[in-house]
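Just below is one structure, and these are the notes that go with it.
A short reminder: the numbers here are calculations on the coordinates, not readings from a lab. Not measured: the values here are computed from a predicted model. For neighbour counting, all protein chains shown are included, and Cβ atoms are generated from backbone atoms with ideal geometry for every residue, glycine included.
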């Protein structure tokens, strides 16, 4: 990655009027993606969206490689080479830059019927528009603009995953393999809130299932013979609640509980699904030890614990802060103030940051309502944010 001294003034080489002229095309890309519904659990649907985006990339000179998957949508790796001017400026081959995103959404097929893509009240609305199809369109537009100006100075890998919303099980190895050789990773997830902050830290995410098997009995006739899985689980959950340490940024939440069959039967089975968030990588071992250390109170019951940490935290590093300061300088020259933020949610940027690759997140659209019926993107922010993204790509 190109080094700059703290005293250097970054030269903003953008024609905002020219970039604004492509806004209709940018919005058309967003519309096309939103109107190809792509729920994580429907491989065929996600693959249709992958195909649509691969065609968009091919139209601007991108080369697509599909990493075929059986149980999830395919992962697509889009490659853009340096422009002629970029090649001349680079005496030796440069490490690529990774743009990182996903095309799967939380919305089931048929959502468009009640949440159609529309432009109204200064926003674009629709399922997946904010998280994160607008960000993908911004990335394509930024790369296209740099190619037109002959200013794409290093190779770009634009990786679009198919299972981010459900844990990135199949895409994680691909993300990590490709990121290992990259100078930096720009994650095109939504910016934080309507203020549009870039994200320099994210919590790690984990999930545990605590399962209890007890002994069923008639609650009125043979009460003493029973060993309640529900009561044992309740005791265990009170203990698990104590794992939360807000000062460390560690939270534990039992979000789903199941158990029992009838009110007059001592419950033979019960389980809880538990969400874990950590701010520090070293707390992964700490929380794992505590869950695995759970022991039954009622020895007539059997306790099982499954799961673990799924995403490492994206900790605020010097390299990431350096990228943010550069972005904030460009934003000021473009005409807006850029803030930084941390968030409890995870992204695929957690993986690349944990590998030590400089990673800046939240570089996509500004809006609100991700995963909610009012999901929307603020239109007036699209061009300035795309301009900022283009300048970051150009100067990295």
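In table form, for the structure just shown:
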{"read-out": "Per principal axis, descending, Cα span of segment 204-311 in whole Å", "value": "51, 22, 21"}
{"read-out": "Per-residue Cβ neighbour rank within 10 angstrom, fewest leading, 132, 115, 355, 392", "value": "355, 115, 392, 132"}
{"read-out": "Which of 336, 80 has the fewest Cβ neighbours within 10 Å, and the rest in rising order", "value": "336, 80"}
{"read-out": "Average silhouette area of segment 155-269, convex hull of alpha-carbon atoms, in square nanometres", "value": "11.7 nm²"}
{"read-out": "Computed label-point distance, nm, for sites residue 332 and residue 28 using a 7 Å Cα→Cβ extension", "value": "3.8 nm"}
{"read-out": "Sites residue 70 and residue 306, calculated FRET efficiency, Cβ-Cβ separation with R0 25 Å, nearest 0.05", "value": "0.60"}
{"read-out": "Candidates 184, 57, 20: whichever shows maximal mean-square fluctuation once the chain is modelled as a Gaussian network with Cα springs under 10 Å", "value": "20"}
{"read-out": "Theoretical FRET efficiency, 1/(1+(r/R0)^6), r = Cβ-Cβ of residue 218 and residue 120, R0 41 Å, to 0.05", "value": "0.10"}
{"read-out": "Taking 383, 266 and counting other C-beta atoms within 10 Å, the order from fewest to most", "value": "383, 266"}
{"read-out": "Length gained when the stretch residue 319-residue 238 is fully extended (0.36 nm per residue, less Cα-Cα span)", "value": "25.2 nm"}
